[in-house]
């Protein structure tokens, strides 16, 4: 009986994690138009929200391998948000792990076919301070590896005027909003998921 209850609790926790990340995609990524390409994929249910139970980097690499293979074999999935709440909570460790993720892409012969974008609760761009508002363009409720199809990304960018100005526009928006408001917005993703 206990194991069944534990299994249900784990599923509920995974669902809460997914709801927090979905809320972040809706209110921050789409709501602030940080990624003008995300709305269509969310509406069409082509974003896979996957929660990894990995607790080590090796386990996360194995999960990443599985998710890349799934993305490659399933054209109905446009992009995957691989959420890993139990590993790489430290941003420096996470940032170093990204080179392993890129090496895995190369080992699987997926370099140039897929790319991995990075999001983390403590994301910090080089040359910034931890509290700088611009870091919120890549801050998420949990550590996330975002698996993207390069061909789809290239098509989306080609069809969007001034796509090269998106990062600059996003940073300006973050600075206008301010770190405190952005922190509250990110916290709201947890609050809304608990309702």
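Within the span defined as region 124-131, one or more residues are farther than 15 Å from residue 38 by Cα, surrounded by 14 or more Cβ atoms within 10 Å (Cβ to Cβ) and touching a residue at least 12 places away in the same chain (Cβ under 8 Å).
Yes or no, residue by residue, for (1) over 13 Å from the mean Cα position of the chain (by Cα); (2) modelled with pLDDT of 95 or more:
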site: 23; (1), (2): no, yes
site: 36; (1), (2): yes, no
site: 47; (1), (2): no, yes
site: 52; (1), (2): no, yes
site: 59; (1), (2): yes, yes
site: 62; (1), (2): yes, yes
site: 68; (1), (2): yes, yes
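All of 113, 171, 166, 144 fail the test of being surrounded by 13 or more Cβ atoms within 10 Å (Cβ to Cβ), under 19 Å from residue 97 (Cβ atoms) and in contact (Cβ under 8 Å) with a residue 12 or more places away in the chain, apart from 144. Kindly check whether there is at least one residue in region 86-105 that is part of a strand (DSSP E or B) and modelled with pLDDT of 95 or more. Scanning region 86-105, I find no residue that is part of a strand (DSSP E or B) and modelled with pLDDT of 95 or more, so the answer is no. Restricting region 70-81 to residues that are part of a loop (DSSP other than H, G, I, E, B) and within 17 Å of the chain's Cα centre (by Cα), the residue that is surrounded by the most Cβ atoms within 10 Å (Cβ to Cβ) is 78. Looking only at region 75-91, decide whether some residue is over 23 Å from residue 23 (Cβ atoms) and touching a strand residue (DSSP E or B) at 6+ places or on another chain (Cβ under 8 Å). No, every residue in region 75-91 fails to be over 23 Å from residue 23 (Cβ atoms) and touching a strand residue (DSSP E or B) at 6+ places or on another chain (Cβ under 8 Å).
Taking the criterion of being crowded, with 17+ Cβ neighbours inside 10 Å, in a loop (DSSP other than H, G, I, E, B) and without any contact (Cβ under 8 Å) to a residue 60 or more places away in the chain, the only residue of region 36-53 that qualifies is 52.
The values are calculated or read from the model by the stated rules, or taken from the named source; none is laboratory data. None of the values given here were measured: they were computed from a predicted structure. Positions of Cβ are generated from backbone atoms using ideal geometry, with glycine treated the same way; all protein chains shown enter the neighbour counts.
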